[in-house]
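Structure, as structure tokens:
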Amino acid sequence: MNPVKILIAEDDNISFAYLSELLRNSNVCIIPAENGRMALDAIRRDKEIALALMDIKMPLMNGFDAAREIRNLRPDIPLIAQTAYALNEERIRILEAGFNDYISKPIRREELIRLLGKYLPGIFPQ
């Protein structure tokens, strides 16, 4: 089976490396993006990206703005926000921006796999 493409939009190299390590033994191909603009360009170019995991605070274009733009291009793609702020106001803002879900930092592997399985059950069975 071909790997499933997952976009990871993360401007922090250590966080990106950590997420990559968590997904290392999974059947995924990680598409990196350092900011929201790069994430939007990747989604525009590659129709095979099955899911996007995006940090909220990024340079050039933040996760909120990127999610709104991506929703216009690909209303079907699951978008998961990564946030250090899991307050109720932030959750509402995340969902209003067009994200399907969110995961709080620091990210635990079990929680990430569970969340990915919710949107990609054939790749990450529950």
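Of note, residue 26 satisfies the criterion of being among the polar types (S, T, N, Q), within 22 Å of residue 1 (Cα to Cα) and not in a helix (DSSP H, G or I). Hey, does region 51-67 have a residue that's under 25 Å from residue 123 (Cα atoms) and out of contact with any helix residue (DSSP H, G or I) (no Cβ under 9 Å at 6 or more places or on another chain)? Looking through region 51-67, none of the residues is under 25 Å from residue 123 (Cα atoms) and out of contact with any helix residue (DSSP H, G or I) (no Cβ under 9 Å at 6 or more places or on another chain).
Residue 85 - would you say it is of a type in the set (Phe, Trp, Tyr) and farther than 16 Å from residue 7 by Cβ?
Working: of a type in the set (Phe, Trp, Tyr): yes; farther than 16 Å from residue 7 by Cβ: yes.
Judged against the criteria, residue 85 is a match.
Each residue in region 80-107 was checked for being surrounded by fewer than 17 Cβ atoms within 10 Å (Cβ to Cβ) and at pLDDT 95 or above, and 1 of them qualify. Among the residues of region 9-21, is any part of a strand (DSSP E or B), closer than 26 Å to residue 122 by Cβ, out of contact with any helix residue (DSSP H, G or I) (no Cβ under 7 Å at 6 or more places or on another chain) and at pLDDT 95 or above? No, region 9-21 has no match at all. Give me the residue from region 67-126 that is more than 14 Å from the chain's Cα centre (by Cα) and of a type in the set (S, T, N, Q) and, out of that set, farthest from residue 49 (Cα to Cα). Ranking the candidates gives 88 first.
Can you tell me which of 70, 49, 77 is in contact with a Lys or Arg (Cβ under 6 Å, 6 or more places away or on another chain) and modelled with pLDDT of 95 or more?
Values: 70 fails: in contact with a Lys or Arg (Cβ under 6 Å, 6 or more places away or on another chain); 77 fails: in contact with a Lys or Arg (Cβ under 6 Å, 6 or more places away or on another chain).
Every option except 49 fails the conditions.
Name the residue, out of 11, 41, that is under 13 Å from the mean Cα position of the chain (by Cα), among the acidic types (Asp, Glu) and either over 15 Å from residue 119 (Cβ atoms) or crowded, with 16+ Cβ neighbours inside 10 Å (or both). Quick ask: steps written out before the conclusion?
On the way: 41 fails: under 13 Å from the mean Cα position of the chain (by Cα).
Within the list 11, 41, the selection yields 11.
Just checking, does region 14-25 include any residue being surrounded by 16 or more Cβ atoms within 10 Å (Cβ to Cβ), within 20 Å of residue 76 (Cα to Cα) and either touching a residue at least 60 places away in the same chain (Cβ under 8 Å) or under 13 Å from the mean Cα position of the chain (by Cα) (or both)? Checked region 14-25: no residue is surrounded by 16 or more Cβ atoms within 10 Å (Cβ to Cβ), within 20 Å of residue 76 (Cα to Cα) and either touching a residue at least 60 places away in the same chain (Cβ under 8 Å) or under 13 Å from the mean Cα position of the chain (by Cα) (or both).
The values are calculated or read from the model by the stated rules, or taken from the named source; none is laboratory data. What you are looking at is a predicted structure, and each value in this text was computed from that prediction instead of being measured. Every residue, glycine among them, receives a Cβ derived from its backbone with ideal geometry; neighbour counts consider all protein chains shown.
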